[in-house]
1. Please give me the summed charge of the neighbours of Ala174: other residues whose Cβ is under 12 Å from its Cβ, Lys and Arg +1, Asp and Glu -1.
2. Would you look at the GNM of the chain, springs on alpha carbons closer than 10 Å, and say which of Thr20, Thr79, Thr52 moves the most?
3. For n ≥ 4 DSSP H runs only, could you compute -39500 (n - 2.57) per run for the chain, divide by its residues and tell me the 222 nm figure to the nearest 500?
4. Could you give the accessible area per residue of the range 97-178, probe 1.4 Å, as a whole number in Å²?
5. Based only on Cα atoms, what mean projected area does the convex hull of the chain have, in nm²?
6. Quick check: the angle from helix 145-155's long axis to the longest principal axis of the chain, C-alpha only, nearest 10 degrees?
7. Please report the carbon-and-sulfur percent of the accessible area for the chain; probe 1.4 Å, protein heavy atoms only, DNA, RNA and ligands left out.
8. Summing Lys, Arg as +1 and Asp, Glu as -1, what charge do residues with Cβ under 14 Å from the Cβ of Val149 carry, Val149 excluded?
Amino acid sequence: MTALEFQARAGRSAVPGYLTLELSRPLPDVCGRHGQPAVERRPGVVRFHEGTHGRVQSTWATNFFWGLLHYRRTPDGNTELHGDWPVCKYCVWQSRVLRLIGYVFALSGIVAIVVLWMAAQAGAVDEISMLAVLLFFPGWLPGGLVVAVSAFGRATRYVRIRPIVDSTMVLIRAHPNFAAAVAAQSNVR
């Protein structure tokens, strides 16, 4: 039985080598990226895949380049870290802006195709210029869609995590204020 069949029958967390991690205690109310006071907590799942130096944080770019380097499909995510991540007002603003950028880039090509089609049906466009073709391909497809996927992915990535080499510990790359708040919280308990 393959791991995929085993996963389908037994559930994802039962796959050998699959880790589901959860934060052992709540994080302090300090943003991990900017070190500012947190204005809210956002639930999130950080996914990892097996890399050359341990389990690395998965983004579409790391998956894509891993697949290119290894001449095969993208890696299977074999680890998940669940938690409530503290975010500051700058992170909230940045998330909104990145989502807006993602929507604009994702929908711009579709809107352009509809407008060109309607103009062609109305007889306003006799032929499509080479500039329009180049703006569509490789401009919007795949260029604009890559920007949209990157923006959506970055909008929900609240922390950066170093490769996991030990199944009992996760190292978060964070602002020094966040690290000091975690240390202070550890000393209190």
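The values are calculated or read from the model by the stated rules, or taken from the named source; none is laboratory data. Small disclaimer: the values here were computed from a predicted structure and weren't measured. Note that each Cβ is placed from the backbone with ideal geometry, even for glycine, and that neighbours are counted across all protein chains shown. Side chains are part of the model used for accessible areas, which takes the heavy atoms of the whole protein and leaves out ligands, DNA and RNA. Shrake-Rupley method; radii C 1.70, N 1.55, O 1.52, S 1.80 Å.
1. On the way: positive: Arg33, Arg160, Arg162, Arg173; negative: none.
Result for the local shell: +4.
2. Between Thr20, Thr79, Thr52, it is Thr52 that shows the largest mean-square fluctuation.
3. Numbers: 6 runs with 82 residues, N = 189.
Mean residue ellipticity, 222 nm, calculated: -14000 deg cm²/dmol.
4. Working: 5590 Å² over 82 residues.
Accessible area per residue: 68 Å².
5. Numbers: hull surface 62.8 nm².
For the chain, the mean projected area of the Cα convex hull comes to 15.7 nm².
6. 30
7. Values: 7920 of 12440 Å².
Here carbon and sulfur together make up 64 percent of the probe-accessible area.
8. On the way: positive: Arg99, Arg154, Arg157; negative: none.
Spelling it out: positives minus negatives among the neighbours equals +3.
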